[in-house]
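Below: the structure, in structure tokens.
The values are calculated or read from the model by the stated rules, or taken from the named source; none is laboratory data. What you see is a predicted model; the values in this text were computed from it and never measured. FYI the Cβ positions are ideal-geometry reconstructions off the backbone, even for glycines, and counts take in every protein chain you see.
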Amino acid sequence: MVENKNDITDAEREDTEKRKKEDLSMLYKEAILKIEEGQILKGKIISISQKDVLVDIGYKSEGVISLSEFQEPDSIKVGDEIDVYLESKEDDNGMVVLSKLKAERVAGWDKVISKCGEGDVVEGKVTKKVKGGFMVDIGVEAFLPASLAALRNFGNLYQFIGQTFPFKVVKINKLRKNIVLSRRDALQQQKEGDRKKAFEGLQKGAILSGVVRNITDFGAFVDLGAGITGLLHITDMSWGRVSHPSELLAIGDKLDVVVLDFDKDNNRVSLGLKQKTQNPWDVVDVKYPVGSKIKGTVVNLVPYGAFVELEKGVEGLLHISELSWTKKYNHPNELLAIGDRIEVQILDVDKQNRKISLGLKQLEANPWADVDTKYPVGTKVKGKIRNMTDYGLFVELEDGIDGLVHVSDISWTKRVGHPKDVFKKGEKVEAVVLAVDSANRRISLGIRQLTPDPWDEIAARFLTDAVLTGKIAKAAHFGLFVEIEKDLEGLVHISEIPLAEGEKLEEKFKVGDEIKVKVLKVDSIQHKIALTLKNV
């Protein structure tokens, strides 16, 4: 029998198997040397139990991973390859210690660090409440302090759990693999972005909706959304008179406002409410022609008159001089009160300066219209003295019609210092009409004109150089007034009084003293008598 060369002996086969095992052992040892604790390795699932998953990483023994480390345990199966973290090559039981969660965390940390840094905004899910804050999943676990969880104090902090928000990365500690987040900063940053975007879209004249958030003495602050708050000044609330913003608005009111102006740099917006309607002053000259009569409401009283509201935003001034033709008022509150509904006449309209002049007395007949007919010059009249001043006395001729008797028209001869020296208030007197000015409501009266001018007769009686005896009526620095007969005085000028050196006038002469004087001149035109003490 001839031996086949292709036949392999048992010894040769054994030798070949031995060499293969030695080669595999060498490869295995080399692989073991390359595996280090803390590495992330590829592993294959070789079995799944109710609690654990057995994973082969090509090491001398398999590793066991708790089934709880798998987020979706029902989706895994035998043969799946997964990333695992090698915690220890061998535990007390000779098993490899592996972790799927730590592998995900390490991989997630590297991924997160490669994509974001401090100051970046990331999205994360709040997973649980811990001491001092929350843990947030952003691919790795990060810490959110409770003080940075919201813009304002939040009531129930647990309501954040399970919610997804944007967060700002405020600190990264690579050594400890810690990340600190801030939801407050992210919200503030988003708010600033929304505000900036909203400001870019603002236009003067645009009408926006808003909510009243605060009211002050000078206006109201209106929330326009997107972090923008505008000021609605009290002067821009209504065309009419507004004493306080609370008369028109309340906190929480929703309203449409007009953008009057804005400042992007200082985040300021000026708003208007009255600008939504036409300015009533644009048509006042048409709506309130001069001479027309209209009803209005007294809204303010001042010493010089009353302000009457004709409509919202349009007021006119009823001057105190326009209250009555005849009666003199010291203050309009003597006739009117705030809230009174009165009828007035339009006297003048100044559209440009927004002024309307009103009259009340014009609704009645003007008693001065025919005074020049009723009281022609030269007419003798009688009346009661209504008032006296240092320059004359007012005589009431009829209700509302007074005439003035000037102090110089009281007597032809008597020097009158003040009307009260001759008359009493309420006394009835007779006078002559000297002049009538109906336009300015003036009547000039004279009492001395009731008798003829006696000065021609006086000039004839008191001739030059005539020596007279008189009584000193008044002493002045410029001379002496001497009464030479009843209600008739002459003046001795200081230059006509002989005085010794050092002698004083007031020491030498006393009021009431009788002295002899000589007539220098009688001026019948100026109604004056000049006297002298020289050469008497």
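Scanning the range 234-267 for residues being of a type outside the set (S, T, N, Q), under 23 Å from Glu200 (Cα atoms) and free of Cβ contacts under 8 Å to residues at least 40 places away in the same chain gives a total of 2. Here Lys420 does not fit the description of being outside any helix (DSSP H, G or I), surrounded by fewer than 18 Cβ atoms within 10 Å (Cβ to Cβ), modelled with pLDDT of 90 or more and not assigned by TED's automatic domain parsing to the domain that holds Glu322.
Just so you know, in the range 247-281 the residues that are of a type in the set (S, T, N, Q) and surrounded by 12 or more Cβ atoms within 10 Å (Cβ to Cβ) include one that is farthest from the chain's Cα centre (by Cα), and it is Asn279. All conditions in (1) farther than 25 Å from Asn366 by Cβ; (2) within 59 Å of the chain's Cα centre (by Cα); (3) free of Cβ contacts under 8 Å to residues at least 12 places away in the same chain hold for Lys425, with the sole exception of (3).
Among the criteria (1) under 19 Å from Ile57 (Cα atoms); (2) touching a helix residue (DSSP H, G or I) at 6+ places or on another chain (Cβ under 9 Å), the one Val96 does not fulfil is (2). Here is the figure for the range 510-532: residues that are touching a strand residue (DSSP E or B) at 6+ places or on another chain (Cβ under 6 Å) and either among the small types (Gly, Ala, Ser) or surrounded by 13 or more Cβ atoms within 10 Å (Cβ to Cβ) (or both) total 10. Put simply, of Val371, Val302, Val298 the only residue that is over 30 Å from Lys420 (Cβ atoms), surrounded by 18 or more Cβ atoms within 10 Å (Cβ to Cβ) and either in contact (Cβ under 8 Å) with a residue 60 or more places away in the chain or within 30 Å of the chain's Cα centre (by Cα) (or both) is Val298. For the range 451-458, does any single residue satisfy the condition of being out of contact with any Cys (no Cβ under 9 Å at 6 or more places or on another chain) and farther than 30 Å from Gly378 by Cα? No: zero hits. Among the residues of the range 98-131, those that are assigned to a strand (DSSP E or B) and either closer than 24 Å to Ile161 by Cα or at pLDDT 80 or above (or both) comprise Leu98, Val121, Val122, Glu123, Gly124, Lys125, Val126, Thr127, Lys128, Lys129, Val130.
Remark: Ala431 falls outside the filter, which requires a residue to be within 51 Å of the chain's Cα centre (by Cα) and among the small types (Gly, Ala, Ser). Of all residues in the range 484-497, those satisfying the criterion of being closer than 19 Å to Gly417 by Cβ and surrounded by fewer than 17 Cβ atoms within 10 Å (Cβ to Cβ) are Lys486, Asp487. With respect to Leu175, is the statement that it is among the aliphatic types (A, V, I, L, M), outside the structural domain of Gly225 (by TED's automatic domain parsing) and within 23 Å of Trp109 (Cα to Cα) true? Spelling it out, Leu175 is indeed among the aliphatic types (A, V, I, L, M), outside the structural domain of Gly225 (by TED's automatic domain parsing) and within 23 Å of Trp109 (Cα to Cα).
Leu318 - would you say it is surrounded by fewer than 18 Cβ atoms within 10 Å (Cβ to Cβ), in a strand (DSSP E or B) and at pLDDT 90 or above? For Leu318, the condition - surrounded by fewer than 18 Cβ atoms within 10 Å (Cβ to Cβ), in a strand (DSSP E or B) and at pLDDT 90 or above - is not met.
This table checks each residue for (1) at pLDDT 90 or above; (2) loosely packed, with under 13 Cβ neighbours inside 10 Å.
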| residue | (1), (2) |
| --- | --- |
| Asn366 | no, no |
| Tyr375 | yes, no |
| Gly378 | yes, yes |
| Glu396 | yes, no |
| Gly400 | no, no |
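Show the residue pairs that are 6+ apart or on different chains and have beta-carbon atoms under 7 Å apart, the first residue being within the range 61-84 and assigned to a loop (DSSP other than H, G, I, E, B), the second being charged (D, E, K, R). Filtered contacts from the range 61-84: Glu62/Asp56; Phe70/Lys100; Gly79/Lys44.
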